[in-house]
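Visitor: Questions regarding the structure given below will be posed in turn.
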Amino acid sequence: GAVVSQHPSRVICKSGTSVKIECRSLDFQATTMFWYRQFPKQSLMLMATSNEGSKATYEQGVEKDKFLINHASLTLSTLTVTSAHPEDSSFYICSARASGTGGSPLHFGNGTRLTVT
Amino acid sequence: DQQVKQNSPSLSVQEGRISILNCDYTNSMFDYFLWYKKYPAEGPTFLISISSIKDKNEDGRFTVFLNKSAKHLSLHIVPSQPGDSAVYFCAASPIQGAQKLVFGQGTRLTINP
């Protein structure tokens, strides 16, 4: 089945630093990838839609200058949390669907646990 | 505004019995529904889906029921196994294959031996 790999799985950083999270589709091409965020005991919230070769589309309330998304190839999207603060500590998950398979479910990476100290 | 709601944060079921997880939605435009299973520190894994043209979809031990008039869906797992212990999320979208999924808050299912 379709595999989405996310790296790193866990990262601890200091306030003010930036952290990059990678999302790769290992055995399929994805023109679109999605970045979700999950707070403890809460739902997965869509942050942004990453489009290969163009700008990402951000959901309302998500700061695009803080959460930089780059989708440089059909198999890689990156999310950079800039100038991280403790309130950015969360579980970040990416997802993707193989291009041209509009009816298939999204496949998720294993997520990245970000802790900002 | 929580468009997809899972009102039970947790559920405990004895091994071998039936587990029933419930989900309600408010947006009448939702047309396609999915259930995902999630283990700690992992991403969600797709389990089963149903479109609005059906009221039931079955896959092995998992059956999803949809009641469009009540805007309610449920996931039945029978018989429940210890490996089913996880958090279950229901999700909805306006059409199948839609890019955006709206998730419920999740229900933590614990199967007791």
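The values are calculated or read from the model by the stated rules, or taken from the named source; none is laboratory data. Just so we're clear, the structure is a prediction, and the values are computed from it rather than from any experiment. Methodologically, a virtual Cβ is constructed for each residue, glycine included, from the backbone with ideal geometry; neighbour enumeration extends over all protein chains shown.
Visitor: Going through segment A:31-62 one residue at a time, which ones are crowded, with 17+ Cβ neighbours inside 10 Å, of a type outside the set (G, A, S) and closer than 15 Å to A:L76 by Cβ?
Guide: Once the filter is applied, which keeps residues that are crowded, with 17+ Cβ neighbours inside 10 Å, of a type outside the set (G, A, S) and closer than 15 Å to A:L76 by Cβ, segment A:31-62 yields A:T32, A:M33, A:F34, A:W35, A:E52.
Visitor: Would you mind stating whether A:T115 is assigned to a strand (DSSP E or B), among the β-branched types (V, I, T), free of Cβ contacts under 8 Å to residues at least 24 places away in the same chain and on the phi < 0 side of the Ramachandran plot? Before you say what the answer is, go through the steps one by one.
Guide: On the way: assigned to a strand (DSSP E or B): yes; among the β-branched types (V, I, T): yes; free of Cβ contacts under 8 Å to residues at least 24 places away in the same chain: no; on the phi < 0 side of the Ramachandran plot: yes.
No, not satisfied.
Visitor: Still on this structure, I have one more. Please specify each residue of segment B:7-36 satisfying the condition of being farther than 18 Å from B:N112 by Cβ, within 16 Å of the chain's Cα centre (by Cα) and among the polar types (S, T, N, Q). Please lay out each step first, then the result.
Guide: First, the residues of segment B:7-36 that are farther than 18 Å from B:N112 by Cβ: B:7, B:22-36.
Subsequent filtering for residues that are within 16 Å of the chain's Cα centre (by Cα) retains B:7, B:22-26, B:30-36.
Once the filter is applied, which keeps residues that are farther than 18 Å from B:N112 by Cβ, within 16 Å of the chain's Cα centre (by Cα) and among the polar types (S, T, N, Q), segment B:7-36 yields B:N7, B:N22, B:T26.
Visitor: Same structure, new question: Does B:L66 satisfy the condition of being in a strand (DSSP E or B), in contact with an Asp or Glu (Cβ under 6 Å, 6 or more places away or on another chain) and either more than 14 Å from chain A (Cβ to nearest Cβ) or more than 19 Å from B:G106 (Cβ to Cβ) (or both)? Give the steps one after another, and end with the answer.
Guide: On the way: in a strand (DSSP E or B): yes; in contact with an Asp or Glu (Cβ under 6 Å, 6 or more places away or on another chain): yes; either more than 14 Å from chain A (Cβ to nearest Cβ) or more than 19 Å from B:G106 (Cβ to Cβ) (or both): yes.
The answer is yes for B:L66.
Visitor: Moving on. In this structure, does A:F91 turn out to be touching a residue at least 12 places away in the same chain (Cβ under 8 Å), more than 11 Å from A:L114 (Cβ to Cβ) and of a type in the set (F, W, Y)? Quick ask: steps written out before the conclusion?
Guide: Values: touching a residue at least 12 places away in the same chain (Cβ under 8 Å): yes; more than 11 Å from A:L114 (Cβ to Cβ): no; of a type in the set (F, W, Y): yes.
For A:F91, the condition - touching a residue at least 12 places away in the same chain (Cβ under 8 Å), more than 11 Å from A:L114 (Cβ to Cβ) and of a type in the set (F, W, Y) - is not met.
Visitor: Hey, does segment A:33-56 have a residue that's away from chain B (no Cβ under 14 Å) and part of a strand (DSSP E or B)?
Guide: no
Visitor: Would you be able to say whether some residue in segment B:37-54 is under 13 Å from the mean Cα position of the chain (by Cα), closer than 23 Å to A:A96 by Cα, outside any strand (DSSP E or B) and in contact (Cβ under 8 Å) with a residue 40 or more places away in the chain?
Guide: Yes: segment B:37-54 contains one or more residues that are under 13 Å from the mean Cα position of the chain (by Cα), closer than 23 Å to A:A96 by Cα, outside any strand (DSSP E or B) and in contact (Cβ under 8 Å) with a residue 40 or more places away in the chain.
Visitor: Return only the number of the condition from (1) within 11 Å of chain A (Cβ to nearest Cβ); (2) under 13 Å from the mean Cα position of the chain (by Cα); (3) closer than 21 Å to B:L11 by Cα; (4) touching a residue at least 24 places away in the same chain (Cβ under 8 Å) that B:A86 does not satisfy.
Guide: Tallying (1) within 11 Å of chain A (Cβ to nearest Cβ); (2) under 13 Å from the mean Cα position of the chain (by Cα); (3) closer than 21 Å to B:L11 by Cα; (4) touching a residue at least 24 places away in the same chain (Cβ under 8 Å), B:A86 fails exactly one: (1).
Visitor: List, please: which pairs have Cβ atoms under 7 Å, are six or more places apart or on different chains, and start with a residue in segment B:1-30 that is within 21 Å of B:N67 (Cα to Cα) and away from chain A (no Cβ under 14 Å) and end with one that is among the small types (G, A, S) and part of a loop (DSSP other than H, G, I, E, B)?
Guide: Correct list of pairs: B:I18/B:S80; B:S19/B:S80; B:N22/B:S8.
Visitor: Moving to a separate point now. Can you find a residue in segment B:102-110 that is more than 14 Å from chain A (Cβ to nearest Cβ), closer than 16 Å to B:E15 by Cβ and in contact (Cβ under 8 Å) with a residue 40 or more places away in the chain? Before you say what the answer is, go through the steps one by one.
Guide: Taking segment B:102-110 first, the residues more than 14 Å from chain A (Cβ to nearest Cβ) are B:109-110.
With the extra rule that they be closer than 16 Å to B:E15 by Cβ, the set shrinks to B:109-110.
When the remaining residues are screened for being in contact (Cβ under 8 Å) with a residue 40 or more places away in the chain, the result is B:109-110.
For segment B:102-110, residues more than 14 Å from chain A (Cβ to nearest Cβ), closer than 16 Å to B:E15 by Cβ and in contact (Cβ under 8 Å) with a residue 40 or more places away in the chain: present.
Visitor: Taking the condition surrounded by 15 or more Cβ atoms within 10 Å (Cβ to Cβ), in a loop (DSSP other than H, G, I, E, B) and at pLDDT 95 or above, does A:A98 pass?
Guide: Numbers: surrounded by 15 or more Cβ atoms within 10 Å (Cβ to Cβ): yes; in a loop (DSSP other than H, G, I, E, B): yes; at pLDDT 95 or above: no.
It is false that A:A98 is surrounded by 15 or more Cβ atoms within 10 Å (Cβ to Cβ), in a loop (DSSP other than H, G, I, E, B) and at pLDDT 95 or above.
Visitor: Is it the case that some residue within segment B:47-56 is within 14 Å of chain A (Cβ to nearest Cβ), surrounded by fewer than 17 Cβ atoms within 10 Å (Cβ to Cβ) and at pLDDT 95 or above?
Guide: no
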